[in-house]
Amino acid sequence: MDKALLIIMAKWHGFGRCKTRLSKDIGKANSAKVQRVMTNHTISVAKFLQENKLIDISIAISGLGESNCRRWTRELGIKKFNLQGKGCLGEKMKRQIIINKKFCARHKIKNIIFIGTDLPDLCHQDLLNTFKELQQNDLILGPSNDGGYWLIGLSEKIISSHIYLPFININWGSEKVLKNTINNFASTKLKYKFLDKKIDIDTIIDIENRK
């Protein structure tokens, strides 16, 4: 099984600086606590797979400067991080691919997987399924309840020749993100596969729907 780079798109859980929609219902302090718990859970799942030599981890961080990012990742026990930078989500993810290309080449990493930190039910099997499917497919998507995706896995073929396809013509922040992404691949011979749908925690309704 080819080793992958797992890029975790993380936002600093500062008071009033994360989960703004959720904070309207449960308060800024509680929403920051929810973000911290979910981020730590994501890191825990990822580190288990890293310890078993299946992935390398890079955290792409927003909401902190470089020195504070270094301190936070050290606390999390993660060695590699980058700033997300400006732009829409697509621009941020594409930037991370470009930043990490040399690292991937040096460590013979073929596939890149992106995941957020809004999934309290993320488990090791979710990522193991992604690794498995990337052996036979070019693109792996984990659909989310809001019309987007909670995971996107990119094969070496996409990274080397079709890096723009998952990130152009996307109405980011809308319920059409997943649909737009699939449309980008409609006229190609690239193969894609879906994982199970999950609920991203962005609002109080998302929490209630998990019960």
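The values are calculated or read from the model by the stated rules, or taken from the named source; none is laboratory data. These figures come from a predicted structure and were not determined experimentally. FYI the Cβ positions are ideal-geometry reconstructions off the backbone, even for glycines, and counts take in every protein chain you see.
Annotations for the structure displayed:
- Checking each residue in the stretch 110-141 for being within 20 Å of residue 43 (Cα to Cα) and part of a loop (DSSP other than H, G, I, E, B) picks out 116, 117, 118, 119, 120, 121, 122, 123.
- Taking the numbered list (1) crowded, with 16+ Cβ neighbours inside 10 Å; (2) under 26 Å from residue 129 (Cβ atoms) in turn, residue 51 passes all entries but (1).
- A single member of 173, 147 is assigned to a loop (DSSP other than H, G, I, E, B), in contact with an Asp or Glu (Cβ under 6 Å, 6 or more places away or on another chain) and within 21 Å of residue 11 (Cβ to Cβ), and it is 147.
- Those residues of the stretch 54-71 which are crowded, with 19+ Cβ neighbours inside 10 Å and either of a type in the set (A, V, I, L, M, F, W, C) or not in a strand (DSSP E or B) (or both), in sequence order: 55, 57, 59, 60, 61, 64, 69
- Qualifying positions in the stretch 97-123 - within 18 Å of residue 38 (Cα to Cα) and among the charged types (D, E, K, R): 118, 121
- Flag if residue 110 is modelled with pLDDT under 95, buried (at least 17 other Cβ atoms within 10 Å of the Cβ) and touching a strand residue (DSSP E or B) at 6+ places or on another chain (Cβ under 8 Å): yes
- Here the condition is being aliphatic (A, V, I, L, M) and under 19 Å from residue 181 (Cβ atoms); of 109, 163, it holds for 163 alone.
- Breaking point among (1) hydrophobic (A, V, I, L, M, F, W, C); (2) buried (at least 19 other Cβ atoms within 10 Å of the Cβ); (3) at pLDDT below 95, for residue 123: (2)
- Hey, residue 102 assigned to a helix (DSSP H, G or I) and touching a residue at least 24 places away in the same chain (Cβ under 8 Å) or not: no
- Total residues in the stretch 39-69, condition without any contact (Cβ under 8 Å) to a residue 12 or more places away in the chain and in contact with a Gly (Cβ under 9 Å, 6 or more places away or on another chain): 0
- Only one entry of 77, 142 meets the criterion of being modelled with pLDDT under 95 and not basic (Lys, Arg), and that entry is 77.
- Close Cβ contacts (under 7 Å, 6 or more residues apart or on different chains) running from residues in the stretch 110-131 that are under 19 Å from residue 89 (Cα atoms) to residues that are of a type in the set (Gly, Ala, Ser) and part of a strand (DSSP E or B) comprise 112/4; 113/4; 113/153; 117/10.
- Identity of the residue in the stretch 140-158, of a type in the set (A, V, I, L, M, F, W, C) and out of contact with any helix residue (DSSP H, G or I) (no Cβ under 6 Å at 6 or more places or on another chain), that ends up farthest from residue 34 (Cα to Cα): 158
- Any pair with Cβ under 8 angstrom, 6 or more apart, that starts in the stretch 1-16 at a residue that is surrounded by 13 or more Cβ atoms within 10 Å (Cβ to Cβ) and modelled with pLDDT of 85 or more and ends at one that is acidic (Asp, Glu) and in a loop (DSSP other than H, G, I, E, B): none
- For the stretch 142-157, the candidate set comprises residues that are more than 14 Å from residue 117 (Cα to Cα) and surrounded by fewer than 24 Cβ atoms within 10 Å (Cβ to Cβ); within that set, the residue that is farthest from the chain's Cα centre (by Cα) is 157.
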